[in-house]
Structures are given as C-alpha cells and as structure tokens.
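K.L.:
Below you will find the structure I want to go over with you.
The values are calculated or read from the model by the stated rules, or taken from the named source; none is laboratory data. As the structure is a computational prediction, the values presented were derived from the model and not from experiment. Using ideal geometry, Cβ is built from the backbone for each residue, glycine included, and neighbour counts are taken over all protein chains shown.
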Amino acid sequence: MTPILSYVSALVLSFSFPASGFQSVDAPKFGVKAELPKSWKVVIREKDDRVFVALIPQTDPERPGVVACELGLAPESLDEYRTRIDGNAKRGGRPGKLVRNEVLKTPKGDRLESLWEFRPAPISLWRELSVRVIANRQMYTFLLNVDEASYAEAKKAFDTMVSSVVLTPPNTGADLIHKAKNRWSQREFKFALDLPADWSPALAPDEVALFYANGPAHGIWSDNALVIAQKHRPLDLKHLAETLPDALRGEEPNCEVLACKVVSQGKLSALETVVRTRRGPFSMTVLERRFAAERFDYEVKYTIESKRFDELAPLLRKSLDSFAELPGDVPDGPGRPG
C-alpha cells in the first residue's frame, strides 16, 4: 500500500457513500477550497500536512480509492522537484513504476504531473497521479490513487476538482507588526521576533510548533525557523550545557556538536547549541536556544544548509536576541496556532 492508502485503511468500514452531485470542501487554515463529487467521502480534513483526504468508491467496497491534498514548503521551482522525483525513481526509492513526470503549462500556471503504476496485490494494477502547484510560498500536491478499472472515470472528476481549486494564503498564526524590521508576532501566544530579510512565516509542519518561518528556497530546500514552548519546569542551563551534547549524540550518533554554552539574550540567559547533521542529502547546521521567559520555557531553532550557515549566523543570532513576549492574555498551555 502507498502511505495515503495506509493512512485511511482503518477508516474504510466506517463510512457509506452518498448520492451523486458535488460538495464544497473548504480548509481555511490551509487556504484551500475545492469541489469534490459527493460520492467521494471526506474522512480527514486539516490534519498534519493533509488538507483533506477522501475515499472513492470502487468495485470492491473494502478497497476504495483515495483522493487527497497535501501542503508542503515550495521548492525553488517545480522543475527542481521533477528532477528529485526522477532521481528517486531511478534509485528505486519507492515501490512502483514512474510512467510520466513532467512540468506542464496551464492557464493557471505551471504544474508538475507525475504518474506512478504499482501493484498492491499480485493481480491488481493501481495508478497514482499527483499534480503539484506552487502558490503562497507553499507547494500544494493533489493526489489520485485508484485501481485501473476506476482510473479513467475518476480522473475526469479529479481534473474537474483540480480546476475548481481556489488557493489563498494559509493561516500561519502570525502577523507582521514592523515591516522595516520584518518583525512578526504570534497571534495566540503573543510573542514576537525579527526574521532575516526575505523570510516569512509558513504553516508549521509540526503540530507542536507555535511558530514556523522559512527563507527563500534553494533547490528543494528552504532554511527555516521554529518556536516551541512548554510550561515552566526546572531548567538548569549550566548543567544542560554539560549533558546535552552527549544526549544529542545518543539520539543522532553522526551529528557534530560545534558549540553548547550559556549566552546572554537581552535580560535573559539562554543555552545556545550549534549542531551539524544531515537531512537526507543535505548537510545542515542547527542553531538553537533554550530559555525561560515570563510565561513559558521556549526553544527557538534555526535549521540552515551548512554552506550558508557562517554567512547567516550573525543575522540568526540578531533574530534570536529580538525575541520578546508581548502583553495580553494567552492560553494556559502551548498548542498549534489558529
């Protein structure tokens, strides 16, 4: 099974499919609105990186097809991503055969279409068509995954769905409060920090992140920043500076801890850690600070492609020094921005 099929397989027996017609699926947090056939039962909406997932009835009622929309960070170009898919297929990085993979010009702009064929059972052929578009510094991926017998008819409805899509900026939970400084505030938990030039908030890929931002894409990668928080707990920064490097190497033996020391951050003290590691084919350097503010304990983390880190490090530390809690009431405990 593909990841999408695995994700919804446990839900199959819980739903019946309604009559024909169309339904509007609106996901305001993700900035997506689309028209789907009513017979495509929506079973997941705005969860993790999934804008929506719907089941498509097929001949075998226990093996429905799947249509989905996923949200991710935009690569530098769709052609960069096409090259990545081609390379992954040549390496055998996923089951199945890549039948088609090309960037197409459309009246609404470029889109990347990729078609895979695979056999989840010895005698059945399934097709997975993905359509990727870039808008609002995000990449939207629309997926159709059905058996061969259903593909032609389902693709007609899928094409109609993709044509109907309206994309607006997703709700990042952040507001620009000082344009010249590129200073952003987190709306719900009321903290703010200055971002490097050309960086801006994006929808957090991690449910626990209160704030997420990224810089301009380089190939398929974007340098990024995130903020997480938790209620106050005992936080001995000096002791943590002594123990954290071994803990990090225990979690990721190949990482290189370049620095781990207590630094000043305005009126606060923070533990600053610099770690070099790998994210897939990339060498990454992570600059992180942990500190206790008035409301919560925070971790602010920048993940930068290593070849750019030395150049960006002064700007990143300036950004970290700009962190401040803002006046106002906030929830009792951290949660995803909304």
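K.L.:
Kindly indicate which of Ala154, Ala180 is over 25 Å from Ser77 (Cα atoms) and touching a strand residue (DSSP E or B) at 6+ places or on another chain (Cβ under 6 Å).
P.N.:
So the residue among Ala154, Ala180 that is over 25 Å from Ser77 (Cα atoms) and touching a strand residue (DSSP E or B) at 6+ places or on another chain (Cβ under 6 Å) is Ala154.
K.L.:
Does any residue of segment 213-225 turn out to be among the β-branched types (Val, Ile, Thr) and either farther than 22 Å from Arg50 by Cα or buried (at least 20 other Cβ atoms within 10 Å of the Cβ) (or both)?
P.N.:
no
K.L.:
Only one residue in Leu258, Leu287 is in contact (Cβ under 8 Å) with a residue 24 or more places away in the chain, under 24 Å from Pro334 (Cα atoms) and either outside the structural domain of Arg183 (by TED's automatic domain parsing) or of a type in the set (A, V, I, L, M) (or both), so which one is that?
P.N.:
Matching residue, one of Leu258, Leu287: Leu287.
K.L.:
When segment 212-221 is examined, which residues are found to be outside any loop (DSSP other than H, G, I, E, B) and touching a Pro at 6+ places or on another chain (Cβ under 7 Å)?
P.N.:
Correct list: Tyr212, Ala213, Gly215, Ala217.
K.L.:
Given the condition surrounded by fewer than 20 Cβ atoms within 10 Å (Cβ to Cβ) and free of Cβ contacts under 8 Å to residues at least 12 places away in the same chain, answer yes or no: does some residue in segment 193-203 qualify?
P.N.:
no
K.L.:
Okay, next question. Take segment 301-323 and flag every residue that is of a type in the set (A, V, I, L, M, F, W, C) and within 19 Å of Asp198 (Cβ to Cβ).
P.N.:
Ile304, Phe309, Leu312, Ala313, Leu315, Leu316, Leu320
K.L.:
Moving on. If you take just the strands (runs of 3 or more DSSP E) that sit entirely in segment 70-162, which of them hold at least 2 residues that are crowded, with 21+ Cβ neighbours inside 10 Å?
P.N.:
Where strands (runs of 3 or more DSSP E) fall fully within segment 70-162 and carry at least 2 residues being crowded, with 21+ Cβ neighbours inside 10 Å, they are 109-121, 124-135, 138-147.
K.L.:
Before we move on, is Pro57 surrounded by fewer than 21 Cβ atoms within 10 Å (Cβ to Cβ), touching a Pro at 6+ places or on another chain (Cβ under 8 Å), farther than 18 Å from Arg132 by Cα and not aliphatic (A, V, I, L, M)?
P.N.:
Numbers: surrounded by fewer than 21 Cβ atoms within 10 Å (Cβ to Cβ): yes; touching a Pro at 6+ places or on another chain (Cβ under 8 Å): yes; farther than 18 Å from Arg132 by Cα: yes; not aliphatic (A, V, I, L, M): yes.
In short, yes.
K.L.:
When only residues in segment 287-311 that are in contact with a helix residue (DSSP H, G or I) (Cβ under 9 Å, 6 or more places away or on another chain) and among the β-branched types (Val, Ile, Thr) count, which is nearest to Asn88 (Cα to Cα)?
P.N.:
Ile304
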